[in-house]
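The values are calculated or read from the model by the stated rules, or taken from the named source; none is laboratory data. All values derive from a computational prediction rather than experimental measurement. Ideal geometry is used to build each Cβ from the backbone, glycine not excepted, and the neighbour counts take in all protein chains shown. To get the accessible areas, we keep the full protein, side chains included, count just its heavy atoms, and leave off ligands, DNA and RNA. Shrake-Rupley method; radii C 1.70, N 1.55, O 1.52, S 1.80 Å.
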Amino acid sequence: MRKEKGRWLHRLAVAFGTAAAAVMLTQVPAAAREIICKEDTTYQINATETRTVDFISGPIMPGDTLKVEGKQEIYPADNGEPESVVQRVAMDVAAYWYYPKESAATGPFTNHYVTEYPSDGYKAGISNEQLKEALKGLEFVTTKIYNRQGNYVEVISGFVNNTGKILRVAENGEGPGCDNMAALYEYDGEGNCIRTYNLRAKGMIVRIYEPECDLTYDLDGGSMQGKTNPSTYTVATLEPYSVKIWGPVKEGYHCTGMGTSDGRSSLFGNDFTESIEDGQRYFIHEYWPGYFGRFGGTGQNREFRFYFDRGYTAVFHGNGGTVNGQDTWISEVDRDKGSTWPYKYTDVIFTPVREGYQFEGWYLDENFSQRFYRFQDDRTYDKTGHDDWKIPFWTTRTDYITDLYAKWSGGDEPLPSTGPSPSEAPKPSEAPQPTQAPQPSQAPEQNVTPGNTQTPTPAPFAALPKKGSQHKVKGLVYKVTASTASKKTVTVMRPVKKTEKKITIPASIKLGKYTYQVTEINAKAFRNNTRLTQVTIGTKITKIGKQAFEGCKNLKKITIKSKVLKKIQANAFRKVKKGARIYVPRAKYKAYSKYLKAAKITKDIKVIRK
């Protein structure tokens with residue numbers, strides 16, 4: 001890095017026949033541009049804020065050309081010294097910072113980039129293979145600088161971005177523009193120097209970003225309720241751009257924020273806005289051209305995590321109908337601003353839909369013994385003898401959840417607003433014929449579709465297995481950890497018998513007619529199972545509990561198929577067979593190796609990509 005500092009400001013501009021033409025980046029079309037570095041840089045941070053800085057430029061999109069063209073300053077001859085010309089006309093690279101899709105970080109708040117310093121100021125001496133590959137297509141360009149007598153020198157004056165990636169540059173000191181500046185010195189007919197040249201080169205840090213990356217999400221036990229979040233983000237435009245990300249919902253909690261495990265809270269910058277719709281929170285991440293990459297990290301895959309605080313929720317059970325298209329809808333319920341005890345809450349209410357039925361209101365229990373009157377209703381509820389009521393939080397201060405059940409009328413019975421069709425009604429002038437009257441031993445005939453022998457009876461609505469209940473399925477015991485219309489999960493508790501040598505933990509199981517995802521292996525689930533030699537861990541497992549396989553002294557092969565594993569607790573694989581092999585997904589090798597190391601596996605156990 002250079003110690004010599006010069007005050008050199010520049011301006012982002014677009015060449016429309018003259019280097020003096022300058023516009024903000026948001027006004028530039030998506031076609032390739034020539035970016036002229038001049039006095040200063042002005043760019044758009046967001047809808048209302050612009051910023052002018054000393055040599056921070058970008059994004060430089062694929063196909064763009066960056067050109068250094070600092071202003072010329074002429075100092076007149078003085079005290080026997082010849083006239084002097086100072087001009088910033090060149091550049092070199094002090095360092096490259098490359099942000100690969102897979103983060104290069106090793107822990108929270110660490111650098112998320114690969115960095116190297118070229119030995120020649122451009123591209124020579126780079127040893128990192130990832131960085132070498134990223135720099136393919138970065139083409140440096142030269143400019144001839146002439147003096148008044150026709151002599152010239154050639155300097156590196158910028159580059160063309162043909163890398164397919166997005167670049168930013170930041171100043172990093174200043175030094176000589178070339179080694180032979182004396183070739184430009186001007187002399188009179190007697191050999192006296194009448195003009196000298198001092199060409200300067202601006203040192204740069206070049207940041208390299210991927211234009212398209214993956215987004216994944218850790219819901220922390222919450223549910224998306226049918227919402228879909230983007231799986232990728234792409235920076236392919238210079239127009240203002242935003243991403244809407246829905247937060248999950250969880251009974252008894254409010255989604256209070258989102259971020260990542262490495263401290264990067266937003267997609268394009270450090271801030272985002274949030275709001276709520278139908279009781280479900282969402283976050284808006286806004287991208288403006290000057291903002292992209294400003295804080296680093298953008299251009300990498302992100303796994304967002306959502307954070308919850310205890311908070312009041314209403315759970316609307318459709319009871320055969322749907323709420324916003326879901327069997328069950330969880331809604332955050334906010335306390336009114338300024339509300340004091342007894343607290344009042346924002347009124348959130350939904351009208352469910354069920355074909356052929358009429359909605360009769362929301363009730364506090366499945367027996368429909370108590371009507372719910374809305375959150376802003378002042379009346380109270382007599383809970384005597386009704387412990388099953390989860391009455392609104394402001395009246396009890398003990399529960400964060402109110403369960404509400406839809407009551408229906410109609411269905412297989414005629415709806416009140418529906419009368420018989422004219423062809424079915426008896427004519428007023430005709431009495432029923434004796435042969436049409438029902439016989440005493442027979443039930444009255446019903447209007448049925450020809451060919452049917454009876455009116456179809458709606459199938460009973462099967463109850464969901466209760467949360468906390470345990471079930472035996474194909475040799476394993478499972479405990480239900482979530483059992484709602486929108487979320488169904490189980491944990492592996494133990495084997496039914498300790499005689500199996502090979503065990504496969506599936507991605508899901510059937511409990512009755514419902515499918516439940518297998519998401520965890522309980523602490524000590526297979527502890528001291530000495531018959532076990534091989535285990536395959538399914539694709540939905542997010543957690544392996546403490547001492548789960550401890551003491552399985554013949555367990556020699558563990559295959560982890562899950563790509564969503566977030567935690568392996570201490571001693572999960574302690575005292576398994578010496579030299580055991582743990583096979584993990586290739587894309588998760590680095591992360592899972594860290595988890596396993598933290599879980600204290602011994603050095604003789606090999607972790608192998610598969």
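Only residues that are over 25 Å from the mean Cα position of the chain (by Cα), among the aliphatic types (A, V, I, L, M), closer than 20 Å to Gln376 by Cα and assigned to a strand (DSSP E or B) were counted across the range 307-359, and they come to 2. Would it be correct to say that Tyr96 is surrounded by 15 or more Cβ atoms within 10 Å (Cβ to Cβ), in a strand (DSSP E or B) and either at pLDDT 90 or above or of a type in the set (Ser, Thr, Tyr) (or both)? The answer is yes for Tyr96.
Is it fair to say Arg195 is open to solvent by 10 Å² or more (accessible area, probe 1.4 Å), farther than 26 Å from Gly63 by Cα, in a strand (DSSP E or B) and among the charged types (D, E, K, R)? Against the criterion (open to solvent by 10 Å² or more (accessible area, probe 1.4 Å), farther than 26 Å from Gly63 by Cα, in a strand (DSSP E or B) and among the charged types (D, E, K, R)), Arg195 qualifies.
In the range 499-524, the residues that are surrounded by fewer than 14 Cβ atoms within 10 Å (Cβ to Cβ) reach residues that are of a type in the set (Lys, Arg) with C-beta atoms within less than 7 angstrom, at least six apart or across chains, in these pairs: Thr499/Arg531; Lys501/Arg531; Thr515/Lys488.
Among the residues of the range 551-562, those identified as surrounded by fewer than 21 Cβ atoms within 10 Å (Cβ to Cβ) and in a loop (DSSP other than H, G, I, E, B) are Gly551, Lys553, Asn554, Lys556, Lys561.
For the criterion of being among the charged types (D, E, K, R), modelled with pLDDT under 90, farther than 30 Å from Thr196 by Cβ and assigned to a strand (DSSP E or B), Arg51 passes.
Within the range 313-368, can you find the residues that are out of contact with any Ser or Thr (no Cβ under 8 Å at 6 or more places or on another chain), surrounded by 13 or more Cβ atoms within 10 Å (Cβ to Cβ) and among the hydroxyl-bearing types (Ser, Thr, Tyr)? Of everything in the range 313-368, those that are out of contact with any Ser or Thr (no Cβ under 8 Å at 6 or more places or on another chain), surrounded by 13 or more Cβ atoms within 10 Å (Cβ to Cβ) and among the hydroxyl-bearing types (Ser, Thr, Tyr) turn out to be Thr322, Ser339, Tyr343, Thr346.
Filter the range 525-544 down to the residues that are open to solvent by less than 10 Å² (accessible area, probe 1.4 Å), part of a loop (DSSP other than H, G, I, E, B) and closer than 17 Å to Ala591 by Cα and list them by number. Hit for the range 525-544 is Ile541, nothing else.
Per this entry, Lys123 is counted among residues that are touching a Leu at 6+ places or on another chain (Cβ under 7 Å) and assigned to a loop (DSSP other than H, G, I, E, B). Of all residues in the range 159-191, those that are under 53 Å from the mean Cα position of the chain (by Cα), surrounded by 15 or more Cβ atoms within 10 Å (Cβ to Cβ) and farther than 18 Å from Asp92 by Cα total 2.
Picking from residues in the range 476-498 that are part of a loop (DSSP other than H, G, I, E, B) and over 24 Å from Lys563 (Cβ atoms), the one that is most open to solvent (accessible area, probe 1.4 Å) is Lys497. Screening Thr115 on (1) surrounded by fewer than 17 Cβ atoms within 10 Å (Cβ to Cβ); (2) outside any loop (DSSP other than H, G, I, E, B); (3) over 29 Å from the mean Cα position of the chain (by Cα); (4) not small (Gly, Ala, Ser) shows it passes everything except condition (3). Looking at Val564, Val473, just one residue is under 31 Å from the mean Cα position of the chain (by Cα) and of a type outside the set (Ser, Thr, Tyr), and that residue is Val564.
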